[in-house]
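The values are calculated or read from the model by the stated rules, or taken from the named source; none is laboratory data. Note that this is a predicted model, so its numbers are computed, not measured. As a convention, Cβ positions derive from the backbone with ideal geometry for all residues, glycine included, and neighbour counts pool all protein chains shown. We work out accessible area using only protein heavy atoms, side chains counted, and drop any ligands, DNA or RNA first. Shrake-Rupley method; radii C 1.70, N 1.55, O 1.52, S 1.80 Å.
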Amino acid sequence: MAKLPAASELCRQLAELMRPHVTPATCLVGIHTGGVWVAEWLHRELELTQPLGTMNVSFYRDDYSQRGLQGGRKPSAIPFDVADAHIVIVDDVLYTGRTIRAALNELFDYGRPARVELAVLADRGGRELPIAATYCPQALSLAPTQSLNLEKAEDGSLEFTVVEK
Amino acid sequence: MNSNPQLNKHGELQHLLTIEGLPREIIAAILDTAAPFTEVAEREVKKVPLLRGKSVFNLFFENSTRTRTTFEIAAKRLSADVINLNINTSSTTKGETLLDTVDNLSALQADIFVVRHASSGAPHLIAQHLAATGRDHIRVINAGDGRHAHPTQGLLDMYTIRHYKKDFTRLTVAIVGDVLHSRVARSQIHALTTLGVPEVRVIAPKTLLPTQVEQMGVRVFNDMREGLRGVDVVMMLRLQNERMNGALLPSPQEYFKYYGLTPDKLDLAKPDAIVMHPGPMNRGVEIDSAVADGRQAVILPQVTFGIAVRMAVMSMLGGA
């Protein structure tokens with residue numbers, strides 16, 4: 001397959017896509033774990049003043065009855081008022097759309113936002129739900145047997161790897 | 001059925017019957033899973049959809065409004081349907097056996113049984129019966145059986161200690177009071193030793209200690225002042241008047257004098273020691289109000305953490 005795009009470059013491109021549309025009132029919510037890394041970077045780069053939110057969507061996943069409780073043990077933290085807010089959900093990779101479905105359900109348990117958008121570094125195809133990213137600098141076409149993972153090095157830099165499942 | 005009926009063949013938690021014999025990794029996983037559930041209570045919608053469509057039956061063969069309520073809240077915050085049965089007031093008085101009751105409720109599509117029973121081993125018996133009759137998809141949680149175990153209380157106590165003290169392997173913990181009648185004490189001792197607490201002390205008059213309690217890996221003190229010296233955590237037990245047969249104690253006043261936690265006795269513990277109590281408290285019997293309401297008490301946080309720990313246990317059992 002083609003060479004993987006550099007995650008740092010995609011972060012920069014994503015920030016530029018978002019920049020014309022964010023205001024000081026825009027709130028970011030990163031999805032654990034990769035989405036939080038990207039959201040942290042965007043939050044600094046776009047100089048947003050609202051505190052950064054994070055979500056662990058494992059309580060809302062649709063595969064609980066098949067696979068049990070999955071995912072990390074970090075709590076969700078939404079340190080701003082969701083009601084009437086402009087919120088951008090941030091994740092590293094958009095795939096089936098099921099994580100975003102879970103994230104939307106979770107977000108609405110905190111209140112009724114005015115507008116919700118989605119920012120991802122890469123869209124790898126394979127959607128199973130009618131969900132699309134608002135901001136996405138890179139589309140890829142990966143086989144269902146491959147998994148696109150974002151990893152964080154010790155120096156804080158982000159890198160994509162493809163793993164054969 | 002394998003040797004530890006709480007675990008399936010992959011070593012995953014199947015039922016929660018007792019902390020005894022539970023591997024350290026499982027206890028740690030329960031505590032880790034509980035952490036994100038503490039945050040759910042702060043949301044506008046204090047509910048997550050994990051157990052939507054599942055039925056949790058609270059089978060209370062022994063009354064306990066408080067424990068039943070905490071399980072009920074935990075199950076409802078997981079979106080389960082909760083059915084409360086106080087069985088001492090219903091079928092068994094008509095002569096139905098424990099297992100007949102379980103069979104009938106299984107036929108009502110139960111997913112989780114939360115069982116409180118005055119006889120030690122009743123939840124275990126139910127789990128065995130479910131396995132023997134091909135219904136091992138139904139989970140059992142022990143909410144207190146006789147003098148045997150009260151695992152969720154033990155786990156929420158561990159969560160509380162970890163929250164305030166972080167590292168179990170540097171702690172000295174004292175359990176004070178009616179150890180003899182206390183299933184809570186047994187669960188606490190098993191949990192503390194499994195998690196690597198180097199020194200667990202029990203402080204009680206000889207009449208309220210089980211024989212050979214030392215074999216559980218604890219140091220025994222009959223003098224409370226001596227036992228409290230330098231401890232990081234003081235875990236008080238409730239004096240279980242309802243479980244006492246005959247005269248084990250002279251009087252509540254006498255008990256308070258020697259084994260009641262007062263500010264001057266607490267001063268012998270480390271200055272940052274925390275004070276815990278499983279509730280309900282007998283003020284002026286095992287604990288002085290000045291301590292119960294004081295800055296070192298973490299008794300109300302215990303109650304709050306108890307919901308998250310019970311949510312964690314149910315969500316670990318209720319999935320695939």
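Per residue of peptide A:59-69, the mean number of Cβ atoms on other chains within 10 Å of the residue Cβ is 5.
Here B:Lys76 is the anchor, and the lysines within straight C-alpha reach of less than 29 Å, apart from those fewer than 8 places off in the same chain, are A:Lys74, B:Lys46, B:Lys47, B:Lys54. For chain B, a Kirkwood radius taken over Cα pairs fed into Stokes-Einstein (20 °C, viscosity 1.002 mPa s) yields D = 107 µm²/s. For the range B:152-303, the Cβ-based charge dipole about the Cα centre amounts to some 240 debye (Lys, Arg positive; Asp, Glu negative; other atoms uncharged). So how tilted is helix B:65-77 from the main axis of chain B? Cα-based, degrees 0 to 90, rounded to 10. So the inclination is approximately 50 degrees. Its Cα centre serving as origin, the range B:38-151 has a Cβ charge dipole (Lys and Arg +1, Asp and Glu -1) of approximately 280 debye.
For the protein assembly as shown, what does the accessible surface come to per residue with a 1.4 Å probe? Please give it in Å². Mind showing how you got there, number by number?
Numbers: 20880 Å² over 485 residues.
I get 43 Å² per residue for this part.
Would you work out which of A:Cys136, A:Phe108, B:Ser182 lies farthest towards the positive end of the dipole of the protein assembly as shown, given +1 charges on the beta-carbon of Lys and Arg and -1 on that of Asp and Glu, about the Cα centre? Among A:Cys136, A:Phe108, B:Ser182, the one farthest towards the positive end of the dipole of the protein assembly as shown is B:Ser182. Towards the positive end of the charge dipole of chain A, with charges on Cβ (+1 Lys, Arg; -1 Asp, Glu), say which of A:Pro51, A:Gly68, A:Val82 has the farthest Cα. It is A:Gly68, whose Cα lies furthest towards the positive end. For B:Lys265, the aspartates and glutamates whose Cα comes closer than 14 Å to its Cα, not counting residues fewer than 8 places off in the same chain, are B:Asp223, B:Glu226, B:Asp232, B:Glu286, B:Asp288.
Is the shape of the range B:70-148 rounded, prolate or oblate, going by the alpha carbon gyration tensor and its root eigenvalues a ≥ b ≥ c, with a/c under 1.5 for rounded and a/b larger than b/c for prolate? Before the final figure, lay out each step's value.
Details: a/c = 1.31, a/b = 1.17, b/c = 1.13.
Note, shape of the range B:70-148 comes out rounded.
Largest GNM mean-square fluctuation across A:Leu17, A:Leu129, A:Leu28, computed for chain A with C-alpha springs under 10 Å, falls on A:Leu129. Note on B:43-49: average number of Cβ atoms from other chains within 10 Å of each residue's Cβ is 6.
Would you mind telling me the antiparallel percentage of the DSSP bridges in the range B:88-204, rounded to 5? If we restrict to bridges inside the range B:88-204, about 10 percent are antiparallel. Against the main long axis of the alpha-carbon atoms of chain B, helix B:24-40 sits at an angle near 80°.
In terms of the ratio Rg/(2.2 N^0.38 Å) built on C-alpha atoms, what value belongs to the range B:1-90?
Details: Rg = 15.2 Å, N = 90, 2.2 N^0.38 = 12.2 Å.
Ratio of Rg to 2.2 N^0.38 Å for the range B:1-90: 1.25.
Here's the list of lysines a cross-link from B:Lys270 could span, going by alpha-carbon distance under 29 Å and ignoring same-chain residues fewer than 8 apart: B:Lys165, B:Lys166, B:Lys206, B:Lys257.
Dipole check for the protein assembly as shown: with +1 at the C-beta of Lys and Arg, -1 at the C-beta of Asp and Glu, and the Cα centre as origin, the magnitude is about 780 Debye. Picking from B:Asn86, B:Gln302, A:Ala25, whose Cα lies most toward the positive end of the charge dipole for the protein assembly as shown (charges on Cβ: Lys, Arg +1; Asp, Glu -1)? Among B:Asn86, B:Gln302, A:Ala25, the one farthest towards the positive end of the dipole of the protein assembly as shown is B:Asn86.
For the range B:199-285, what class follows from the C-alpha gyration tensor (a ≥ b ≥ c being the square roots of its eigenvalues): rounded when a/c is under 1.5, otherwise prolate if a/b is larger than b/c, else oblate? Walk me through the intermediate numbers first.
Working: a/c = 1.73, a/b = 1.21, b/c = 1.42.
Oblate shape, in that a/c is at least 1.5 and b/c is the bigger or equal ratio.
As a test, work out the antiparallel percent of DSSP beta bridges whose residues both lie in chain A, rounded to the nearest 5. Taking every DSSP beta bridge with both residues in chain A, the antiparallel ones total about 30 percent. Of all DSSP bridge pairs formed entirely within the protein assembly as shown, close to 15 percent run antiparallel.
Can you give the longest run of chain B that contains no GluC sites (Glu not before Pro) sitting in a DSSP loop with at most 15 other Cβ atoms inside 10 Å? Provide the component values of the computation, followed by the final result.
Numbers: sites that count: B:Glu12, B:Glu42, B:Glu44, B:Glu96.
With GluC sites (Glu not before Pro) excluded where exposed in loops, chain B gives B:97-320 as its longest stretch.
Starting from the alpha-carbon convex hull of the protein assembly as shown, give the projected area averaged over all orientations, in nm². If you can, show how the numbers build up before the last one.
Numbers: hull surface 104.9 nm².
Its Cα hull, projected and averaged over all orientations, spans 26.2 nm².
Largest first and in whole Å, give the semi-axes of the range B:152-303's equivalent ellipsoid, each being the square root of 5 times a Cα gyration tensor eigenvalue. It would help to have the intermediate numbers written out before the result.
Values: eigenvalues 89, 63, 42 Å².
Those come to 21, 18, 14 Å.
Considering only DSSP states other than H, G, I, E and B, which trypsin sites (Lys or Arg not before Pro) in the range B:219-320 qualify as loop sites with at most 11 other Cβ atoms within 10 Å? Before the final figure, lay out the partial values.
Working: sites: B:Arg219, B:Arg225, B:Arg229, B:Arg238, B:Arg243, B:Lys257, B:Lys265, B:Arg283, B:Arg295, B:Arg310; in loops: B:Arg229, B:Arg238, B:Arg295.
Passing sites in the range B:219-320 are B:Arg295.
Surface composition of the range B:36-135: carbon and sulfur atoms hold 49% of the protein heavy-atom accessible area at a 1.4 Å probe. Taking a ≥ b ≥ c as the square roots of the eigenvalues of the Cα gyration tensor, the range A:1-134 is oblate, since a/c reaches 1.5 or more and a/b is not larger than b/c.
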